[in-house]
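The values are calculated or read from the model by the stated rules, or taken from the named source; none is laboratory data. As the structure is a computational prediction, the values presented were derived from the model and not from experiment. Positions of Cβ are generated from backbone atoms using ideal geometry, with glycine treated the same way; all protein chains shown enter the neighbour counts. These area figures cover heavy atoms from the full protein model, side chains too; ligands, DNA and RNA do not enter into them. Shrake-Rupley method; radii C 1.70, N 1.55, O 1.52, S 1.80 Å.
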Amino acid sequence: STGNHSSFTMADPRGYYALLQLPTTATNLEIRRAYRRCALQHHPDRNPPAMRAEAEQRFKQLGEAYEVLSDPTRRDMYHRGQPMNASTMPSAAETFARFFGGEEEPEDPAQAQEMVECVEPQRPFNLPLYEYFLVIDIRPTECFSASHVVTSVSAPAQLLLEAENPAAALLGRLQEHADLLGVPERASPVVLMGDAETFQYAETVRQALLSLQGEGGGLLGGMFRRCTSVWYVEFERFHTMFPAMCGVNLEEDMHPTPHWVAPGLWLGSRAVAHTPGSLGRFGVTHMVVDAEQAERLPGVEYLACKVTDTHEQDMGQCWECAVPFIQQAIAGGGQVLVSLFGRSRSASVVLCWMMKQWKIPAKLAARMLRETCPLIDWNLSWPEQLAAMEPDPSIPSLGASQ
């Protein structure tokens with residue numbers, strides 16, 4: 001199994017490729033993508049307390065693997081089985097900060113379209129996934145029938161492979177789905193839901209999608225032509241994190257759907273009204289709101305900040321109150337929704353929490369948040385005030401595995 005780090009071979013003597021779930025022939029782009037995905041998944045502060053020790057160890061191993069495999073000289077030495085001086089390599093926290101802090105070269109967008117990208121469940125969830133994007137479940141029919149993302153279409157990979165014309169078979173499934181639920185509003189990314197057995201067919205499905213770009217007219221044909229990326233997600237992991245998005249039938253309106261930030265923390269906007277049902281769907285027990293929001297729902301503990309939606313607003317007192325409120329709620333097993341003005345304004349509270357909880361600078365916090373919440377506008381999150389609150393660099397990060 002490529003995901004088994006204990007599978008050491010002559011070509012992978014320390015299991016670095018296995019750890020990143022990559023073949024030994026992986027390209028630099030594939031190594032970067034794998035590190036981004038795995039590092040975010042196993043960052044100690046993005047995991048619940050019960051899993052933090054294991055995550056810290058894996059996070060350290062991931063940093064070591066990336067430092068070796070992303071450097072041509074070290075990678076060559078690794079393949080030859082030659083020893084390397086570990087003391088010359090940065091810590092896992094330093095590798096992470098450099099990668100997400102902007103010092104690494106960005107991906108080439110043209111290259112990014114040339115493969116299926118394996119992503120963590122929170123990325124498609126935060127698109128937001130509901131209603132706007134095409135989700136294709138390539139697991140066997142019986143798995144789909146048991147449970148699936150409620151807006152997804154079943155297109156079992158095995159049936160497509162057995163069809164005389166896989167692209168035509170896929171088009172038929174998608175057309176039926178569009179007739180039932182309408183054409184998705186966004187063309188990219190297309191999200192594939194699968195399991196350990198179906199991942200090997202993900203690229204075949206992507207190729208079938210690409211072949212449809214010149215097919216058909218109407219809204220569905222136009223969507224194919226605008227599709228530039230395909231994501232792959234393990235359904236069981238998505239179901240574990242977001243069970244409210246999964247089921248058999250779409251029985252209720254899923255609006256409003258918040259953005260997932262970290263275990264116990266969600267990002268919302270006061271532009272949409274919440275109900276006991278919408279909060280209960282994600283287990284929300286605490287909310288951070290502005291004082292003008294008068295509505296109070298039963299069973300929810302509120303922190304109301306006396307602030308105004310202006311760029312000149314001094315957010316210091318609000319942040320100083322909100323961060324310990326969030327910390328205490330999460331420590332007690334609660335789920336916190338930050339719904340302060342619009343989404344990007346609300347993000348300022350989340351960014352301040354990330355800076356203080358993880359002891360990271362403002363720009364690194366912003367980049368990490370945009371990895372899972374791409375619609376955030378950093379310029380609306382009081383960036384100058386956040387930068388003034390940056391932690392003392394002499395204090396080690398909670399994720400600073402050595």
Subject >> Among the candidates 52, 46, 58, residue that is open to solvent by less than 50 Å² (accessible area, probe 1.4 Å) and not small (Gly, Ala, Ser) >> reply: 46
Original post:
In the range 63-96, which residues are touching a residue at least 24 places away in the same chain (Cβ under 8 Å), of a type outside the set (D, E, K, R), open to solvent by 40 Å² or more (accessible area, probe 1.4 Å) and assigned to a helix (DSSP H, G or I)?
Top reply: 79
**OP:** Count, please, the residues in the range 286-301 that happen to be open to solvent by 50 Å² or more (accessible area, probe 1.4 Å) and within 15 Å of residue 266 (Cβ to Cβ).
**Re:** 1
Subject >> Cβ pairs under 7 Å, 6+ apart, first in the range 170-199 and within 19 Å of residue 374 (Cα to Cα), second part of a loop (DSSP other than H, G, I, E, B) and open to solvent by 40 Å² or more (accessible area, probe 1.4 Å) >> reply: 184/132; 185/132; 186/132; 188/228
Original post:
If you take the residues of the range 307-339 that are in contact (Cβ under 8 Å) with a residue 24 or more places away in the chain and of a type in the set (Asp, Glu), which of them is surrounded by the most Cβ atoms within 10 Å (Cβ to Cβ)?
Top reply: 309
**OP:** Out of the residues in the range 288-306 that are touching a residue at least 24 places away in the same chain (Cβ under 8 Å) and touching a helix residue (DSSP H, G or I) at 6+ places or on another chain (Cβ under 8 Å), state the one that is farthest from residue 326 (Cα to Cα).
**Re:** 305
Subject >> Residue pairs meeting the criteria (Cβ under 7 Å; at least 6 apart or on separate chains; first touching a residue at least 24 places away in the same chain (Cβ under 8 Å), in the range 146-165; second in a helix (DSSP H, G or I) and among the charged types (D, E, K, R)) >> reply: 153/173; 155/173
**OP:** Could you list all residues from the range 264-281 that are at pLDDT below 90 and either part of a loop (DSSP other than H, G, I, E, B) or touching a Gly at 6+ places or on another chain (Cβ under 6 Å) (or both)?
**Re:** 268, 269, 270, 271, 272, 273, 274, 275, 281
